[in-house]
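Chemist: Take this structure, written in structure tokens, and hold onto it; I'll ask about it next.
The values are calculated or read from the model by the stated rules, or taken from the named source; none is laboratory data. Owing to the predicted nature of the structure, the values given are computational and were not obtained by experimental measurement. So basically every Cβ, Gly included, is an ideal-geometry build from the backbone, and we count neighbours across all protein chains shown.
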Amino acid sequence: MKKLFALLLLFCFGNLSAQSDRSPMEDLPDYISQLTQFGQRADWSHDGERILFIEKTFGDVFEVEVATGKIIPMTHHFFHEGFVRALYLANGDILLSGAKNFNSEDPWKSRDARNTELWVLKKDLKSAPFALGVHCKEGPAVSRSKMNIAWALGTTIYQGEIDYENGKPKLKNWKPLFTSGDLPSPAKGWDLETQNFNPKNEKELFFYAFGGQFGFQAEVFSYNTEEKKFVNFSKSKGTYDEAEGIFPDGLSMLIESNRHRVNYKGMKEFLTLDLYKMKLDETGDVERITFFNDNPEYKASNGVVSDDGRYMAFQYAHAEDPAGKGRGILILDLQKWEKKKGKR
């Protein structure tokens, strides 16, 4: 399997790397700045002053002050086996995703749904995190205004509420919302990952489904928990559209996509990602925001928008890096981008 993967990478990049040998980090536009030299999977604090991020997959969690660049460790005060997600809860506590056990000889088992669990780390950092007693596939979705969360397990998406009893967080009223078998074609039976609640309508949950030929197609969906209805915003374009951070007005969402590489197929198509802004309406129109993959050896991913809608935090990586890996956190000023995007 490893040899096959290596051959696929060689096929994907062998003829493309000659196009450009210049890293996009050497020529950032003036509306993008680098915040950290390492890290991945950023999440904005509610006041926009700090960003939470993972050091690396199965690593520690850190918080960085945006104004000063000061980095504070959040998980150094207890022993653990590493985390894959860290997200601010509405009350300022932190939702963690990580496995109880880690095997360096077979690391990826600690990322799958059979082993990854959800935990709550209290913001005072005076104790180890509290286990919520459920497993989670990839990233959970966290409400910005309520203590509601949603997560995927297998091909089912669940929702619950975090409550505190004698100061100890626990999960209550949790239940399954739907399975991938409930989705309309072509996504019926595909794998699922939750992403965001609509900040303007908590009954609307955004997620994406991925599958198709070789598993390299992904579609952005919403699910209305009251009306029990799905909306497909990608509309089967045959591309990879992975839902990321939502804009605070609830009208647009960031996605990772390969729409600029529509002629690429298979592994090549999957690895050539940049960040786009997708309208959450009947058009599903998209607008490209980052151009890191103009050099096919790089990509930009995991974009999230500050609560005031002014900034986007994201990560850059090498295109062949595993999904989710980041090599540093960057900030994009969306107001400046709006003014200059037509001049590119």
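Chemist: Collect the residues in region 307-336 that are out of contact with any Lys or Arg (no Cβ under 8 Å at 6 or more places or on another chain) and under 19 Å from D30 (Cα atoms), keeping them in residue-number order.
Modeler: G309, R310, Y311, M312, A313, F314, G328, I329, L330, I331, L332, K336
Chemist: Hey, can you tell me all the residues within region 80-112 that are surrounded by fewer than 17 Cβ atoms within 10 Å (Cβ to Cβ) and in contact (Cβ under 8 Å) with a residue 24 or more places away in the chain?
Modeler: The answer is E81, A90, N91, G92, F102, P107, D112.
Chemist: Mind checking which strands (runs of 3 or more DSSP E) fall wholly inside region 269-344 and carry at least 3 residues that are on the phi < 0 side of the Ramachandran plot and crowded, with 21+ Cβ neighbours inside 10 Å?
Modeler: In region 269-344, 274-279, 298-305, 311-318, 329-333 are the strands (runs of 3 or more DSSP E) which contain 3 or more residues that are on the phi < 0 side of the Ramachandran plot and crowded, with 21+ Cβ neighbours inside 10 Å.
Chemist: Now for a separate question. From the list K170, K203, K175, K188, exactly one residue is part of a strand (DSSP E or B) and out of contact with any Phe, Trp or Tyr (no Cβ under 8 Å at 6 or more places or on another chain). Which is it?
Modeler: Step by step, each of K170, K203, K175, K188 is checked, and only K203 is part of a strand (DSSP E or B) and out of contact with any Phe, Trp or Tyr (no Cβ under 8 Å at 6 or more places or on another chain).
Chemist: Any chance region 224-240 includes a residue that's buried (at least 20 other Cβ atoms within 10 Å of the Cβ), modelled with pLDDT under 95 and outside any loop (DSSP other than H, G, I, E, B)?
Modeler: The answer is yes, given that some residue of region 224-240 is buried (at least 20 other Cβ atoms within 10 Å of the Cβ), modelled with pLDDT under 95 and outside any loop (DSSP other than H, G, I, E, B).
Chemist: Okay, moving on. Do the conditions hold for V231, that is, is it over 19 Å from C136 (Cβ atoms) and within 16 Å of the chain's Cα centre (by Cα)?
Modeler: no
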